[in-house]
Amino acid sequence: MKFYDIFNGDADGICALHQLRLEQPQAAELVTGVKRDIVLVARVDAQAGDQLTVLDISLRSNAAAVQRALDRGARLQYFDHHAAGDIPRHPRFEAHIDTAPDVCTSLLVDRHLAGKHRLWAVVAAFGDNLVASAVRAAQPLQLDHTELARLHELGEAINYNAYGETVEDLHYHPADLYRTMAPYRDPRHFIFDEPVFEVLKQAGAEDLARAEDLLPEFATETAALYVLPDAAWSRRVNGVFGNRLAQAEPQRAHAVLVAKPGGYVVSVRAPRNKPAGADVLCLAFATGGGRQAAAGINQLPQDDLARFVAAFRSAYK
Ligand SMILES: [Mn+2]
C-alpha cells in the first residue's frame with residue numbers, strides 16, 4: 001500500500017497539502033509540477049489499497065485517471081475549487097469540491113480542519129488572489145496590518161514560483177518548496193527562518209523589471225503587442241506582466257508573445273474596459289483557446305506571426 005500526495009505546484013496547492021500534513025503527518029510520494037501541470041493523477045500507477053490525496057487540480061482534467069484508480073481499488077481524497085464535471089459517487093472517493101468564486105482549495109482544507117492551520121490558508125488565499133477571502137479568514141487571528149501584508153507577499157511569492165513552462169524554469173521545485181515549509185506551523189517563522197521568501201520576492205521583482213524594460217513591438221490607443229525572449233524569466237513573469245499592462249492601460253488590448261523554438265506562446269487580454277473578443281481571435285489559430293476576456297495560443301508558428309499581428313490589430317482598432 002502506497003501513499004501519494006498529488007498537488008498543484010502553486011501557493012494554494014502547496015498550502016493545502018501543508019495544512020493536511022501538519023494535522024495528519026503521512027510520508028507520501030509527492031506528485032506536482034508547474035502551475036499549468038494540472039493532469040497529475042495519471043502520473044500515478046495506483047494499485048488496490050493505495051491512498052491518493054489530490055489537491056487543487058480540476059477533477060474534470062483528471063477524471064479518467066481518477067476512475068481508473070477507483071476501479072483498481074485505490075482510495076482517494078479530493079479537494080478542489082475548479083470546474084469539476086461529474087463527481088464520481090463511490091465509497092472510496094471522498095470529495096471536498098466547491099466551485100464558489102470566493103474559495104480556494106486551501107480554504108476548503110481549512111473548512112475540513114475547522115481552522116486548525118488557518119494562517120496557511122490565509123497565505124494560500126492571497127496567493128490565489130482572493131484578497132477579500134484571505135482578509136476575512138484572517139479576521140479571528142487578530143493579525144496587525146504588517147503581519148497581514150507579509151502573509152499577502154508570501155502568498156504572492158509562492159504563487160510566482162509556480163509559473164514556468166517546466167520545473168526547470170522555476171526557482172524551487174514545488175516539492176522541495178513544500179518540504180522546506182513542512183516543519184513550520186507558523187508562516188511568520190517560515191518567512192524569518194528560511195531564505196525562500198526573500199529569494200522569491202527579489203527574483204520576482206527582477207523578472208518584472210526586465211519585462212518592463214522592453215519596448216512594445218507596437219502600441220496604439222487601443223492595442224499593444226510585446227515579444228519576450230526565449231528565456232526562463234520570460235516564462236515566469238509572462239502572466240504577472242500581462243496583468244500589470246492590463247491594469248495600467250485599461251482601454252487597451254494586450255498581446256504578450258514569448259518566443260520559443262519555431263514560434264511563440266501567445267497570451268491575449270482584451271481591454272479591461274471592454275473584455276471581449278480574445279477567444280474569437282485566438283480560436284482562429286490551430287492551438288488557440290480561452291475566454292472572452294483572456295485567451296491564448298500554445299504554439300504560434302513563426303510563419304503565422306504576421307497573420308496573428310494583423311488579426312490582433314483589426315480585432316482591437
Ligand atoms: Mn487554487
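Numerical summary
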quantity	calculated
Every residue from segment 73-99 that is more than 23 Å from Glu23 (Cβ to Cβ) and either in contact (Cβ under 8 Å) with a residue 60 or more places away in the chain or under 19 Å from the mean Cα position of the chain (by Cα) (or both)	His82, Ala83, Ala84, Thr99
Top-ranked residue of segment 117-149 - restricted to ones that are within 16 Å of the ligand (Cβ to nearest atom) and outside any helix (DSSP H, G or I), ranked as farthest from Gly239 (Cα to Cα)	Leu130
Qualifying positions in segment 100-139 - within 20 Å of Ala149 (Cβ to Cβ), touching a residue at least 60 places away in the same chain (Cβ under 8 Å) and of a type in the set (S, T, N, Q)	Ser106
Residue that is on the phi > 0 side of the Ramachandran plot, over 21 Å from the mean Cα position of the chain (by Cα) and not hydrophobic (A, V, I, L, M, F, W, C), where the choices are Gly290, Gly262	Gly262
Test: residue in segment 148-163 that is more than 19 Å from Phe192 (Cα to Cα), surrounded by fewer than 18 Cβ atoms within 10 Å (Cβ to Cβ) and touching a residue at least 24 places away in the same chain (Cβ under 8 Å)	no
Lone unmet requirement of (1) within 15 Å of the ligand (Cβ to nearest atom); (2) assigned to a helix (DSSP H, G or I); (3) surrounded by fewer than 23 Cβ atoms within 10 Å (Cβ to Cβ); (4) modelled with pLDDT of 95 or more for Arg68	(1)
Condition check for Gln47: part of a helix (DSSP H, G or I) and either away from the ligand (no atom under 13 Å from the Cβ) or without any contact (Cβ under 8 Å) to a residue 12 or more places away in the chain (or both)	no
Among residues of segment 127-139, those that are crowded, with 22+ Cβ neighbours inside 10 Å and under 12 Å from the mean Cα position of the chain (by Cα), counted	2
Residue under evaluation Leu30, criteria (1) under 22 Å from Arg185 (Cα atoms); (2) within 16 Å of the ligand (Cβ to nearest atom); (3) in contact with an Asp or Glu (Cβ under 6 Å, 6 or more places away or on another chain), criterion not met	(2)
Members of segment 238-259 that are within 17 Å of Gly296 (Cα to Cα) and either modelled with pLDDT of 95 or more or in contact with a Cys (Cβ under 8 Å, 6 or more places away or on another chain) (or both)	Arg252, Ala253, His254, Ala255, Val256, Leu257, Val258, Ala259
Of all residues in segment 72-107 being crowded, with 22+ Cβ neighbours inside 10 Å and within 16 Å of the ligand (Cβ to nearest atom), the one that is farthest from Val39 (Cα to Cα)	Leu107
Some residue of segment 187-207 being at pLDDT 95 or above, over 16 Å from the mean Cα position of the chain (by Cα), among the acidic types (Asp, Glu) and closer than 22 Å to Leu17 by Cβ	yes
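The values are calculated or read from the model by the stated rules, or taken from the named source; none is laboratory data. Treat the numbers as computed from the prediction; the structure is a model and nothing was measured. Virtual Cβ from ideal backbone geometry, glycine too; neighbours counted across all protein chains shown.
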